[in-house]
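The values are calculated or read from the model by the stated rules, or taken from the named source; none is laboratory data. Note that the structure is predicted; figures quoted are calculated from it, not measured. All Cβ positions, glycine included, derive from the backbone under ideal geometry; neighbour counts span all protein chains shown. We work out accessible area using only protein heavy atoms, side chains counted, and drop any ligands, DNA or RNA first. Shrake-Rupley method; radii C 1.70, N 1.55, O 1.52, S 1.80 Å.
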Amino acid sequence: MVKKRMKNSFKRIVRYATLITIDVFLLLSAWELSYYINSQHLWSHTTIWPGFHLLAFMTAIQIVIFVFLKIYWITLRTVSLELVYKGGLGLLIGHFMTVIFVSGFTSNINILHLLLPYWSMSTVFIFGYRLAFRMFRGYTYYDTNHEDMPRTLLYGGGEVADQLLRLYRKDLLSYKIIGIIDDNPLKHHTLQHGKAVMGGYSDLERIITDHRIDVVVISTMKMHKSRMDNVIDVAKDHDVEVKIIPSTIELESSKKTIADIRDIQVEDLLGRDPVSIDREPILEMIMDKRVLVTGAGGTIGSEICSQLMTYNPKQVIILDIDETEIHNLALKLNGYNTAFSRTVTPVVCDVRDAEKIERLFSTYSPDIVFHAAANKHVPLMEYFPEEALKTNIGGSYNVLTAAVKMKVSKCIVISTDKAVNPTNVMGATKRMSELIGSALSNDTTEIVSVRFGNVLGSRGSMLPLFMDQIKAGLPITVTHKEIIRYFMSIPEAVSLVFLAGSIGNGKEVMVLDMGHPVRIYDFAQNLVKKFGDGRSKIIITGLRPGEKLYEELLASRDKNIPTNYRKVFRAQLETSMEKRFIEQFMRDLYTSSPEEMIEQMKTYIPGFVRNGNGSAVTGESAQEIGQA
């Protein structure tokens, strides 16, 4: 280790000495050239010695200034605006000191005339050889150094491509960039960091063939879904990989950098607009606070915990009934060093256990609560409604009453679009949790519900099932050819939940903009085309109990009120629930049958019309469900 450090130190010293020697030589050359230009007026026995003294001073002082400004710390291959700033400042200071020195040392006007060309040439020489080296290295070394890497075409010639090309010049990309393609005709036949913009989409097939492209990298944040589909289709026809840069959410949360080029994921096929999140109100809400997350082992809960860590909380208490998921999450959040730390505390607990929930609130005194624990599977909750009633309503009541009792400053309840005009038990129980939150909210403890649609890739959702079916070559099962759903990625959903929760006030229901609805049948076809091998077909199975053809984010009688953020709205709801009715409902919850409680919910939720069969199942009927 010591030898290695000594070796590295020696290399640095040699590099600094080499750069200083070159600069001294160039400064002397600039002086001699300036003298030569003016020699017919200057050279005489009266000026030769003052010239030599001046030359020695100027060269020495200039090198000292460069060392002080750490110009020699800037390597030649990473020359940038930093060099222009520091080098320009160094030369300016050196020239200023020279004027002062010359004015006091000699009154010979010829010497002063000599300084102007010297300053000009020394500036050109000092900057010139560094820039020339950078350009020469950029146009020769980098391309030859990437010969064994995939021949890559960037699709999109904007700011992202600019960043990727800078990384390429610094030898930080594992790709050999051949050129760029862009849909803007004004960019065609131009150069970007030495790489040609070769054309538009209509030229893609030709460019792939002519330049033997191995990989196409989508290097834009704003590619339309149809264009991405077309690019993937052309690439697949030519056996070319398609990769993409991380999303805006991933970049802003510091999870990824622009260099983390990845494979196309299903979420990318939705073609949603990039979302940029204002982190300031979220930082104000979370930084240096104790945060409790219920349902932390689930898809949304675990992403909440991961993103929380980027806002520097004082402590994150992660709570779930699944001990394996909560342990794995704790390890991940703690960098796989330990499950327990001062920052991350895992807790195994069922939100139905009111006594334990209250004890935990008393022990940890959270400032903020994200309540994500819930039963979310629509068909299963039709068959087992008592589970949704006890968890989604009973569990929510336990968490929220404990939060109010312990004076938690804010609770954010994760809700769903299925709470709107519910046709199933799961949706109705989630609407009840919204009503409970609004009723219990007060000036000390603000309770805000955030309502959104489906997230891609969540545990037990459609996407993982489709991908498993495609991988196995099995038929993809779609319940109805006309069924549509709203989708967003998991990171995007959680980021918007944070924003909505931070700006929401007590008693409010915030609604996220889910973008354009997606026709599931078309989406399944696209998946088979992009990821399948020809074996999977699509079959229609019929709507399941409690399932709608389409979901809504607002009931017809409710209104959306815009906020200062285009992806977040306030819902103006007409229905509410008084505290005394909630208390009576909670007493009945544990003494009445599920069917009685479902009927009671209908009195509080206008528009709740259950489409499921409503029968509890045991024994043989449960076995039939498992086989369905």
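A few points about this structure:
- What the stretch 467-559 shows is 43 Å² of accessible area per residue, with the surface traced by a 1.4 Å probe over protein heavy atoms.
- Element breakdown for the stretch 316-467 at a 1.4 angstrom probe: carbon and sulfur atoms account for 51% of the accessible area.
- Once the Cβ-Cβ distance of F133 and Q525 is raised to the sixth power relative to R0 = 45 Å, the FRET efficiency obtained is 0.25.
- The residues of the stretch 273-419 expose on average 39 square angstrom of accessible surface per residue, using a 1.4 Å probe on protein heavy atoms.
- FRET efficiency for the pair I13 and D171, taken as 1/(1 + (r/R0)^6) with r the Cβ-Cβ distance and R0 = 22 Å, rounds to 0.40.
- Of all DSSP beta bridges confined to the stretch 181-337, the antiparallel ones make up roughly 30%.
- Positive-end extreme of charge dipole, the stretch 403-462 - chosen from S461, M426, I436 (charges on Cβ): S461
- Note: the stretch 386-530, Cα convex hull, 126 Å³ per residue.
- Calculated FRET efficiency for the pair D322/I100, C-beta based, R₀ 56 Å, to 0.05: 0.15
- Label zone at Q265 (point 7 Å along Cα-to-Cβ), backbone N below 13 Å, the stretch 428-459: 455-459
- Of the residues E267, E434, the one with the largest accessible area comes first in the ranking E267, E434, computed with a 1.4 Å probe on protein heavy atoms.
- Rounded to whole Å, sorted largest first: equivalent-ellipsoid semi-axes of the stretch 159-302, Cα gyration tensor: 34, 18, 14
- Taken over the C-alpha atoms, the stretch 448-504 has Rg and Dmax values of 14.7, 46 angstrom.
- Inter-site label distance for H377 and N564 at 7 Å from Cα along Cβ, in nm: 4.3 nm
- Annotation: for a label point projected 7 angstrom from Cα along Cα→Cβ of T541, residues of the stretch 470-490 with backbone N closer than 14 Å are 470, 474-481.
- Solvent-accessible surface (1.4 Å probe) assigned to V609 amounts to roughly 90 Å².
- Taking 0.36 nm per residue of separation and subtracting the Cα-Cα distance, full extension of the segment from L186 to D353 would add 53.7 nm.
- Segment K471..D443, full-extension length gain: 4.9 nm, with 0.36 nm per residue of separation and the alpha-carbon distance subtracted.
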